[in-house]
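A.B. asks: Dropping the structure in here first, questions after.
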Amino acid sequence: MGYRLVDTAHLYFNEEAVGRAIKESGVKREEIFVSTKLWPCDFENENAVEESLQRLGLDYIDLLFLHQPAGNYMAGYKLLEKAYKEGKIKAIGISNFEGKHIEEILANCEYIPQVNQVECHPYYTQEELRKVTEPKNIKIMSWFPLELAKKYNKTNAQIILKWHIQMGFLVIPGSKNVDHIRDNFNIFDFVLTKEDMAKIETVNKHKKYLRGETLIKYFHIHSHRPPYVNHPTRKKVLLKRTNQRTIGLISADRSNKATLLLTISRSKFKSSAKDLSSLIFEVIIQG
(Lines give C-alpha, C1' and ligand atoms only; values in the text may rest on other atoms or scores of the structure.)
Protein backbone atom coordinates (compact mmCIF):
# COMPACT_ATOMS: atom_id res chain seq x y z
CA MET A 1 0.00 0.00 0.00
CA GLY A 2 1.21 3.48 -0.76
CA TYR A 3 0.55 6.75 -2.50
CA ARG A 4 0.97 7.18 -6.25
CA LEU A 5 1.16 10.98 -6.04
CA VAL A 6 4.47 12.16 -4.59
CA ASP A 7 4.80 15.86 -3.74
CA THR A 8 8.35 17.03 -3.15
CA ALA A 9 10.42 20.22 -3.63
CA HIS A 10 13.97 21.49 -3.94
CA LEU A 11 13.58 23.06 -0.50
CA TYR A 12 12.69 19.70 1.06
CA PHE A 13 16.14 18.40 0.07
CA ASN A 14 14.75 14.97 -0.78
CA GLU A 15 14.36 14.91 -4.55
CA GLU A 16 17.23 12.41 -4.87
CA ALA A 17 15.61 10.12 -2.28
CA VAL A 18 12.27 10.36 -4.08
CA GLY A 19 13.93 9.42 -7.35
CA ARG A 20 15.61 6.39 -5.77
CA ALA A 21 12.34 5.29 -4.18
CA ILE A 22 10.55 5.47 -7.53
CA LYS A 23 13.21 3.30 -9.17
CA GLU A 24 13.20 0.77 -6.34
CA SER A 25 9.39 0.62 -6.03
CA GLY A 26 8.90 -1.55 -9.08
CA VAL A 27 5.93 0.62 -10.06
CA LYS A 28 5.83 1.82 -13.65
CA ARG A 29 6.84 5.47 -14.03
CA GLU A 30 3.60 6.35 -15.83
CA GLU A 31 1.65 5.09 -12.82
CA ILE A 32 3.35 7.56 -10.45
CA PHE A 33 2.51 11.27 -10.43
CA VAL A 34 5.48 13.37 -9.32
CA SER A 35 5.22 17.03 -8.41
CA THR A 36 8.12 19.17 -7.25
CA LYS A 37 8.86 22.86 -6.77
CA LEU A 38 11.51 25.41 -7.64
CA TRP A 39 12.61 27.65 -4.76
CA PRO A 40 13.00 31.38 -5.60
CA CYS A 41 16.78 31.07 -5.65
CA ASP A 42 16.40 29.16 -8.93
CA PHE A 43 13.92 31.42 -10.73
CA GLU A 44 16.71 33.00 -12.78
CA ASN A 45 18.69 29.77 -13.17
CA GLU A 46 18.23 28.65 -16.78
CA ASN A 47 19.22 25.09 -15.81
CA ALA A 48 16.86 24.83 -12.84
CA VAL A 49 14.39 22.42 -14.44
CA GLU A 50 17.14 20.19 -15.82
CA GLU A 51 18.84 20.13 -12.40
CA SER A 52 15.58 19.09 -10.76
CA LEU A 53 15.18 16.30 -13.33
CA GLN A 54 18.72 15.16 -12.58
CA ARG A 55 18.11 15.11 -8.81
CA LEU A 56 14.95 13.08 -9.35
CA GLY A 57 16.56 10.85 -11.96
CA LEU A 58 13.50 11.28 -14.20
CA ASP A 59 12.92 12.10 -17.86
CA TYR A 60 9.94 14.33 -17.08
CA ILE A 61 8.06 15.87 -14.15
CA ASP A 62 4.28 15.55 -14.01
CA LEU A 63 3.72 18.88 -12.26
CA LEU A 64 6.29 21.57 -11.52
CA PHE A 65 5.49 24.48 -9.18
CA LEU A 66 7.00 27.83 -8.35
CA HIS A 67 7.23 27.38 -4.59
CA GLN A 68 6.69 30.97 -3.42
CA PRO A 69 5.75 34.36 -4.95
CA ALA A 70 9.17 35.82 -4.13
CA GLY A 71 12.17 36.97 -6.10
CA ASN A 72 11.83 37.19 -9.89
CA TYR A 73 8.89 34.80 -10.09
CA MET A 74 7.93 35.96 -13.58
CA ALA A 75 11.32 34.76 -14.82
CA GLY A 76 10.68 31.52 -12.98
CA TYR A 77 7.31 31.16 -14.65
CA LYS A 78 8.90 31.60 -18.07
CA LEU A 79 11.20 28.69 -17.19
CA LEU A 80 8.15 26.53 -16.50
CA GLU A 81 6.49 27.54 -19.76
CA LYS A 82 9.67 26.72 -21.72
CA ALA A 83 9.93 23.32 -20.01
CA TYR A 84 6.25 22.68 -20.69
CA LYS A 85 6.69 23.36 -24.41
CA GLU A 86 9.73 21.08 -24.46
CA GLY A 87 7.84 18.24 -22.78
CA LYS A 88 10.07 18.22 -19.69
CA ILE A 89 7.05 18.92 -17.48
CA LYS A 90 3.47 17.85 -18.09
CA ALA A 91 1.72 20.58 -16.10
CA ILE A 92 2.51 24.01 -14.68
CA GLY A 93 1.78 24.90 -11.06
CA ILE A 94 2.17 27.83 -8.70
CA SER A 95 2.26 27.60 -4.92
CA ASN A 96 1.06 30.17 -2.39
CA PHE A 97 0.14 32.65 -5.13
CA GLU A 98 -2.78 34.88 -4.21
CA GLY A 99 -3.95 38.45 -4.86
CA LYS A 100 -1.62 40.59 -6.97
CA HIS A 101 0.83 37.73 -7.49
CA ILE A 102 -1.56 35.41 -9.29
CA GLU A 103 -3.03 38.39 -11.14
CA GLU A 104 0.42 39.25 -12.51
CA ILE A 105 0.96 35.65 -13.62
CA LEU A 106 -2.40 35.54 -15.43
CA ALA A 107 -1.81 38.92 -17.08
CA ASN A 108 1.56 37.92 -18.52
CA CYS A 109 1.56 34.16 -19.00
CA GLU A 110 1.47 32.23 -22.25
CA TYR A 111 0.04 29.16 -20.53
CA ILE A 112 -2.39 29.41 -17.62
CA PRO A 113 -1.22 27.40 -14.60
CA GLN A 114 -3.19 24.21 -14.09
CA VAL A 115 -2.77 24.10 -10.30
CA ASN A 116 -2.32 26.52 -7.40
CA GLN A 117 -1.15 24.84 -4.20
CA VAL A 118 -2.25 26.90 -1.21
CA GLU A 119 -3.43 26.58 2.35
CA CYS A 120 -7.07 25.51 2.19
CA HIS A 121 -9.31 23.83 4.77
CA PRO A 122 -12.77 24.32 6.35
CA TYR A 123 -11.39 27.16 8.51
CA TYR A 124 -10.04 28.92 5.41
CA THR A 125 -11.88 28.00 2.22
CA GLN A 126 -10.16 30.49 -0.10
CA GLU A 127 -13.38 32.09 -1.38
CA GLU A 128 -11.62 35.13 -2.89
CA LEU A 129 -8.91 33.12 -4.57
CA ARG A 130 -11.48 30.70 -6.02
CA LYS A 131 -13.21 33.64 -7.73
CA VAL A 132 -10.00 33.96 -9.76
CA THR A 133 -9.06 30.31 -10.21
CA GLU A 134 -12.40 28.66 -10.97
CA PRO A 135 -13.23 30.68 -14.12
CA LYS A 136 -9.75 29.80 -15.41
CA ASN A 137 -10.13 26.13 -14.46
CA ILE A 138 -7.11 26.36 -12.16
CA LYS A 139 -7.36 23.60 -9.59
CA ILE A 140 -6.74 24.34 -5.92
CA MET A 141 -4.37 21.87 -4.28
CA SER A 142 -4.72 21.98 -0.50
CA TRP A 143 -1.59 21.65 1.60
CA PHE A 144 -3.29 22.00 5.03
CA PRO A 145 -6.22 19.51 5.14
CA LEU A 146 -8.29 18.74 9.51
CA GLU A 147 -19.53 15.81 14.28
CA LEU A 148 -20.08 14.19 11.08
CA ALA A 149 -17.74 11.31 11.69
CA LYS A 150 -20.21 9.32 13.75
CA LYS A 151 -23.02 9.78 11.22
CA TYR A 152 -20.94 8.40 8.33
CA ASN A 153 -18.95 5.95 10.46
CA LYS A 154 -15.74 7.67 9.38
CA THR A 155 -12.88 9.46 11.10
CA ASN A 156 -12.72 13.24 11.32
CA ALA A 157 -9.81 13.18 8.90
CA GLN A 158 -11.85 11.18 6.38
CA ILE A 159 -14.72 13.66 6.61
CA ILE A 160 -12.37 16.57 5.91
CA LEU A 161 -10.69 14.77 3.02
CA LYS A 162 -14.10 14.04 1.54
CA TRP A 163 -15.04 17.70 1.92
CA HIS A 164 -11.94 18.63 -0.11
CA ILE A 165 -12.84 16.14 -2.84
CA GLN A 166 -16.44 17.35 -3.10
CA MET A 167 -15.24 20.95 -3.17
CA GLY A 168 -13.20 20.04 -6.24
CA PHE A 169 -9.84 20.55 -4.53
CA LEU A 170 -6.77 18.40 -5.09
CA VAL A 171 -5.63 17.19 -1.69
CA ILE A 172 -2.26 15.74 -0.68
CA PRO A 173 -2.49 14.06 2.75
CA GLY A 174 0.62 12.34 4.02
CA SER A 175 1.29 9.69 6.62
CA LYS A 176 3.82 7.00 7.54
CA ASN A 177 1.12 5.07 9.41
CA VAL A 178 -0.29 2.22 7.29
CA ASP A 179 -3.69 2.43 9.01
CA HIS A 180 -3.91 6.16 8.30
CA ILE A 181 -2.88 5.66 4.68
CA ARG A 182 -5.61 3.01 4.34
CA ASP A 183 -8.15 5.40 5.89
CA ASN A 184 -7.11 8.16 3.50
CA PHE A 185 -7.95 5.87 0.57
CA ASN A 186 -11.21 4.72 2.10
CA ILE A 187 -13.27 7.84 1.36
CA PHE A 188 -14.97 6.91 -1.89
CA ASP A 189 -17.79 4.81 -0.46
CA PHE A 190 -19.86 7.71 0.84
CA VAL A 191 -20.99 11.20 -0.17
CA LEU A 192 -21.54 14.17 2.11
CA THR A 193 -25.02 15.57 1.66
CA LYS A 194 -25.57 19.18 0.61
CA GLU A 195 -26.82 19.87 4.11
CA ASP A 196 -23.66 18.47 5.69
CA MET A 197 -21.44 20.37 3.25
CA ALA A 198 -23.29 23.50 4.31
CA LYS A 199 -22.69 22.65 7.98
CA ILE A 200 -18.95 22.41 7.36
CA GLU A 201 -19.08 25.77 5.58
CA THR A 202 -20.35 27.39 8.78
CA VAL A 203 -17.06 26.70 10.58
CA ASN A 204 -15.16 28.88 8.08
CA LYS A 205 -13.23 31.39 10.20
CA HIS A 206 -11.55 33.06 7.21
CA LYS A 207 -8.36 32.29 9.08
CA LYS A 208 -5.05 31.00 7.80
CA TYR A 209 -2.71 29.03 10.00
CA LEU A 210 0.44 29.95 8.07
CA ARG A 211 1.31 32.85 5.83
CA GLY A 212 3.78 32.13 3.04
CA GLU A 213 5.03 35.69 2.75
CA THR A 214 5.52 35.84 6.52
CA LEU A 215 7.63 32.70 6.44
CA ILE A 216 9.81 34.14 3.71
CA LYS A 217 10.17 37.39 5.61
CA TYR A 218 11.40 35.63 8.74
CA PHE A 219 13.56 32.97 7.15
CA HIS A 220 15.37 35.27 4.72
CA ILE A 221 16.51 32.30 2.68
CA HIS A 222 14.51 32.86 -0.50
CA SER A 223 17.40 34.42 -2.39
CA HIS A 224 20.02 31.83 -1.47
CA ARG A 225 20.72 28.25 -2.36
CA PRO A 226 20.12 25.68 0.41
CA PRO A 227 22.98 26.46 2.84
CA TYR A 228 23.99 22.84 3.43
CA VAL A 229 24.85 22.29 -0.24
CA ASN A 230 28.61 21.77 -0.77
CA HIS A 231 29.05 21.10 2.96
CA PRO A 232 29.12 17.27 3.17
CA THR A 233 31.21 17.32 6.35
CA ARG A 234 29.88 18.51 9.69
CA LYS A 235 28.59 22.06 9.39
CA LYS A 236 26.15 24.21 11.27
CA VAL A 237 24.68 27.24 9.54
CA LEU A 238 22.61 29.81 11.36
CA LEU A 239 19.83 31.07 9.09
CA LYS A 240 18.50 33.87 11.22
CA ARG A 241 18.52 35.17 14.78
CA THR A 242 15.71 37.41 15.95
CA ASN A 243 15.60 38.86 19.47
CA GLN A 244 18.37 36.44 20.42
CA ARG A 245 16.21 33.48 19.42
CA THR A 246 17.49 31.07 16.85
CA ILE A 247 14.64 30.29 14.47
CA GLY A 248 16.57 28.45 11.80
CA LEU A 249 19.41 25.97 12.00
CA ILE A 250 20.82 23.51 9.52
CA SER A 251 23.27 20.82 10.52
CA ALA A 252 24.88 18.15 8.38
CA ASP A 253 27.17 15.33 9.48
CA ARG A 254 29.71 13.10 7.79
CA SER A 255 27.07 10.57 6.78
CA ASN A 256 25.69 13.30 4.53
CA LYS A 257 22.44 13.46 6.46
CA ALA A 258 21.07 16.86 7.29
CA THR A 259 18.31 18.06 9.51
CA LEU A 260 16.48 21.31 8.92
CA LEU A 261 14.73 22.50 12.05
CA LEU A 262 12.84 25.75 11.88
CA THR A 263 10.93 26.93 14.90
CA ILE A 264 8.92 30.12 15.15
CA SER A 265 7.29 31.34 18.31
CA ARG A 266 3.53 31.44 18.47
CA SER A 267 3.57 35.21 18.92
CA LYS A 268 4.81 35.70 15.35
CA PHE A 269 1.49 34.38 14.07
CA LYS A 270 -0.82 35.68 16.81
CA SER A 271 -2.36 32.22 17.07
CA SER A 272 -3.87 30.58 20.11
CA ALA A 273 -2.11 27.70 21.82
CA LYS A 274 -4.88 25.40 20.62
CA ASP A 275 -4.45 26.44 16.99
CA LEU A 276 -0.68 26.66 16.88
CA SER A 277 1.48 26.56 19.98
CA SER A 278 4.58 26.58 17.82
CA LEU A 279 5.55 25.90 14.26
CA ILE A 280 8.14 23.21 13.73
CA PHE A 281 9.38 21.93 10.41
CA GLU A 282 11.70 18.95 10.45
CA VAL A 283 13.02 17.59 7.20
CA ILE A 284 15.41 14.68 7.11
CA ILE A 285 17.59 14.50 4.05
CA GLN A 286 19.52 11.37 3.20
CA GLY A 287 22.13 11.92 0.54
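The values are calculated or read from the model by the stated rules, or taken from the named source; none is laboratory data. Remember, predicted model here, so these are calculated numbers, not experimental data. All Cβ positions, glycine included, derive from the backbone under ideal geometry; neighbour counts span all protein chains shown.
A.B. asks: Just to be sure I understand, how many residues within region 1-51 are among the charged types (D, E, K, R), closer than 18 Å to H67 by Cβ and within 19 Å of the chain's Cα centre (by Cα)?
C.D. replies: 5
A.B. asks: Also: Quick one: in region 135-178, which of the residues that are touching a His at 6+ places or on another chain (Cβ under 6 Å) and surrounded by 18 or more Cβ atoms within 10 Å (Cβ to Cβ) is modelled with the lowest pLDDT?
C.D. replies: Within region 135-178, the match that is modelled with the lowest pLDDT is P145.
A.B. asks: Could you go through region 95-102 and let me know if any residue there is under 18 Å from V49 (Cα atoms) and either of a type in the set (F, W, Y) or within 20 Å of the chain's Cα centre (by Cα) (or both). So that I can check it myself, show each step before the final result.
C.D. replies: So the first thing to find is which residues in region 95-102 are under 18 Å from V49 (Cα atoms), and the list is 95.
Adding the requirement that they be either of a type in the set (F, W, Y) or within 20 Å of the chain's Cα centre (by Cα) (or both) leaves 95.
Scanning region 95-102 turns up at least one residue that is under 18 Å from V49 (Cα atoms) and either of a type in the set (F, W, Y) or within 20 Å of the chain's Cα centre (by Cα) (or both).
A.B. asks: Restricting to region 76-95, give me the number of residues that are on the phi > 0 side of the Ramachandran plot and surrounded by 23 or more Cβ atoms within 10 Å (Cβ to Cβ).
C.D. replies: 0
A.B. asks: Separate question: Within region 71-141, which helices (runs of 4 or more DSSP H) (wholly inside it) include 2 or more residues that are over 30 Å from I32 (Cβ atoms) and among the small types (G, A, S)?
C.D. replies: Fully inside region 71-141 and qualifying: 99-108.
A.B. asks: Take Y123 and decide whether it is more than 23 Å from I200 (Cβ to Cβ) and among the hydroxyl-bearing types (S, T, Y).
C.D. replies: Here the answer is no, as Y123 does not meet what is asked.
A.B. asks: Looking only at region 52-71, filter to residues that are touching a strand residue (DSSP E or B) at 6+ places or on another chain (Cβ under 8 Å) and under 15 Å from K85 (Cα atoms); which one of those is surrounded by the most Cβ atoms within 10 Å (Cβ to Cβ)?
C.D. replies: L64
A.B. asks: Right, here's the next one. Kindly indicate which of V18, V49, V27, V6 is loosely packed, with under 15 Cβ neighbours inside 10 Å and of a type in the set (V, I, T).
C.D. replies: The match here is V27.
A.B. asks: When you check E128 against the structure, is it modelled with pLDDT under 85 and acidic (D, E), yes or no?
C.D. replies: no
A.B. asks: Related question: Based on this model, can you work out whether G99 counts as of a type outside the set (F, W, Y), surrounded by fewer than 16 Cβ atoms within 10 Å (Cβ to Cβ), in the same structural domain as E119 (by TED's automatic domain parsing) and under 27 Å from H180 (Cα atoms)?
C.D. replies: no
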